[in-house]
1. Which residues, taken from segment B:136-187, are of a type in the set (F, W, Y) and farther than 25 Å from B:W212 by Cα?
2. Determine whether A:S312 is within 14 Å of another protein chain (Cβ to nearest Cβ) and of a type in the set (G, A, S).
3. Mind listing whichever residues of segment A:364-395 are within 30 Å of A:E260 (Cα to Cα), open to solvent by 30 Å² or more (accessible area, probe 1.4 Å) and not in a loop (DSSP other than H, G, I, E, B)?
4. Residue by residue through segment B:308-322, note down the ones that are closer than 10 Å to B:F349 by Cα and within 19 Å of the chain's Cα centre (by Cα).
5. Quickly run through segment A:285-302 and pick out the residues that are β-branched (V, I, T) and over 20 Å from A:N230 (Cα atoms).
6. Would you please list the contacts, defined by Cβ atoms under 9 Å and residues six or more apart or on different chains, that run from a residue in segment B:205-223 that is more than 17 Å from B:V254 (Cβ to Cβ) to a residue that is part of a helix (DSSP H, G or I)?
7. Residues that are crowded, with 16+ Cβ neighbours inside 10 Å: find the strands (runs of 3 or more DSSP E) completely inside segment B:164-240 holding 3 or more of those.
Amino acid sequence: MSWSDDEIDKLVRDAFNEQTFEFRNEYWQDIEKQLPVNNRRKSRAIFYAAVMLASLISIGYGLFFHGNRPAMTESKFKLPHNVVAKAQKNEQTSQNNHFLDTHFTSNSERNQHLHIEPIEHGISTAISPADVENTSAKATPDDSFIELANIKPSNSFAVVNTDSYSVDSLSAKDAIFPQVENQLENSNRILNSSNASKIRYWTETVAGIGHIWANDQTESHFANTSVGFNAGIQLPLNRITLSLGAGFKSTFFDKLTINERTKIYGFGVDQLENTYTFKSLVSLTLPVSLSYTFGRHSLSFNLTPGANVSCSLNKTQYMNGNKLSDQNGVANVSLFQKYSLETGIGYDYYINEKLKVGLRCNIQMLQPIASDRFTGTPVKNPFEGQLYIRRILGL
Amino acid sequence: MMTYKLAIIAILASAFSACKKINIEDPVAQSAPVFKVHGTLGETTIDLEAGENNGIMQTKDTVINGVTCFKGNLSDKTYEFELSILDGDIDLQSVPFIHKLPENLPFGFGCNQPLMFLSKDIFSNKQVIQEIKWYINGEMAGIDKAVISSPGHYMIDAHVTFTNGSSATLSNDLIVGYKNHHTSSIHHVLYEGGHLKVWIDEETSEFQSIKWYVDGEYESSQFECNPIISNDFHVITAEFMFKNGAKRRKSILVHGNNTQTFLEDFSAYENIFFKQKWDYTTQIILKKDGKTYSTYNAPNVTSTFHILGKNYYGKNASGKAVHVLNAAVDCMFKNINGSETIPFSGTIFIGIEIP
């Protein structure tokens, strides 16, 4: 039976009018994936951190440098094994262009016939398709090949004319370095991947050794030591990482004493001697740092405000050389600065994505001793070197 | 993980809170010497301080003839300064010495004449007394007569022998050379059958309390006592306290069957012979360059010892309470081994031990 045009039109019209959309949950999930990522939580955290540390960022801004480091390219294609794309300039670039110009007459021919031979030492060699048939290693004409072909040699490749360029002239460093750099690039991709852009938690253990807090010329001193534990969050800010934390620190003193002798007159005279030997000081700290990461290494600027909480000490009392009392215990920190402020620089090294070790060199901005009763001259700005191990959680 | 961290924090907090708390004391302020003597002896300046130049302050109380003497000795390598103050108002024992101490103290002086005579002639029944042996503080002082030449508080025992051959002993304490705050004495009348009536002749309004004892046994607290005594010698004792704080014990000797053989309260005569008193007299001994000087027997009639303060200091090594006596002194010293006299003028802070 043949349909008239009007009938066909009517049939189509009716079909459209009666059509209903069958909704499935999968449709919503697919759509949701296409929606922009909700960075509201991340934005709020960054906002508060920026408000708190506005002055710190302005100081740290001077440490920022722009543009010297080339933007990392998120590689969307796979390179053949052991083939490294490395930017070569100047001599190699001109050689590449000369080679292409002499062998291919047009860009399309270049694109069609350009082939990269995978080699072990990371140096690529461009050969013509005719030569491919004579060689055992054949390129795989996949998408990656085409992508490579579209990348201009002056930016990405070391396309070398073996006739004019001697392999033996390359040093071992040049032969090895691209391979190490490849690993660094891999690390950078991990650190700068979409996963690393999230806020991460960390914990760290710190051990330090530093200058004594009171100089006594009559006695030899070693140094103060310290141990501490911190925990916090780190916020990636483009290439900079802002780290905020909280923790405690215990400083162990080397010969920090108060020795006071007083004559007490009475029926005769008595010599009263009070000696306080301070052993340790416990502080609560809020470490803040801005670090710049390059590869596995990072440099940081640290600022650690703190509050001194308590100290442990030994108290002995003598009267005319006879011991009256000998006590160990804790006391308030009235003889110390109530607050502390350390600042300094640090270096750390990523052992892996979760663990890094580092060194810090800090200086106390506030003189820690707030009393002239201590034996010796108070040190105004004692410095301290710290070794720490930080574990990043959640990766 | 959070539980683990909280557990660590809790453990650390509990360990921290369990530690003994030590108080960091403020620096003990250097104190100034407490006991010192600053002045001039003749043309020499004296600076004597306990705690400097091996200076030491010592206190000691002694008893001189039954009267407490409060002494304080401050000495160093160069000088020795000893202050002695006699007690006063002996019969006012209920009042602490530090409160009785007047502002101005007299300097002690010697006495070349007896202060009291003890004799059988002072009794009204002397004709029946054959003999009295006098004992002063347990030591034989004389028969029929005894003399007391130094001020003090003495215990007198009179061993009396009557003409009928009977004998007995009567004891009384005498305050010689010190103030008395009463003038009472005991009177008695013996009736037949041993009925005795005894009383005090002081104005009753001055009494605060009185107790009668017969041979040491409590008899009565009335103003007048009427015991019945046996045919023997008995000691009747009155212990009384006056409203002015004076407290004394006075005794008489009576026989239950003989109105003649008795002995009156001989303490009634303790203040009739010498009027000058030694209450709170002070004496200073100064040693310097091997020589000893004393205010005793030096011309100190016009000298002054003016107390500026008398504050409690603390306890000495013997646990006795010590007061710091601050005084301005202007006196004369006399070499005890010669006739040399030297003037002294200065301020003293001397400790005295007051129980």
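1. Passing the criteria: B:F162, B:Y178.
2. Yes; evaluated as a whole, the condition is true for this residue.
3. Within segment A:364-395, A:T377, A:P378, A:F383 qualify.
4. B:K310
5. Hit for segment A:285-302 is A:T293, nothing else.
6. Final answer for the pair search is B:F223/B:T204.
7. Where strands (runs of 3 or more DSSP E) fall fully within segment B:164-240 and carry at least 3 residues being crowded, with 16+ Cβ neighbours inside 10 Å, they are B:167-176, B:186-190, B:196-200, B:207-214.
A quick yes/no check of all residues on (1) open to solvent by 20 Å² or more (accessible area, probe 1.4 Å); (2) in a loop (DSSP other than H, G, I, E, B); (3) in contact (Cβ under 8 Å) with a residue 12 or more places away in the chain; (4) at negative phi:
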{"position": "B:I46", "(1), (2), (3), (4)": "no, no, yes, yes"}
{"position": "B:N53", "(1), (2), (3), (4)": "yes, yes, yes, no"}
{"position": "B:Q58", "(1), (2), (3), (4)": "yes, no, yes, yes"}
{"position": "B:T68", "(1), (2), (3), (4)": "yes, no, yes, yes"}
{"position": "B:P114", "(1), (2), (3), (4)": "yes, yes, yes, yes"}
{"position": "B:E131", "(1), (2), (3), (4)": "yes, no, yes, yes"}
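The values are calculated or read from the model by the stated rules, or taken from the named source; none is laboratory data. Owing to the predicted nature of the structure, the values given are computational and were not obtained by experimental measurement. So basically every Cβ, Gly included, is an ideal-geometry build from the backbone, and we count neighbours across all protein chains shown. We work out accessible area using only protein heavy atoms, side chains counted, and drop any ligands, DNA or RNA first. Shrake-Rupley method; radii C 1.70, N 1.55, O 1.52, S 1.80 Å.
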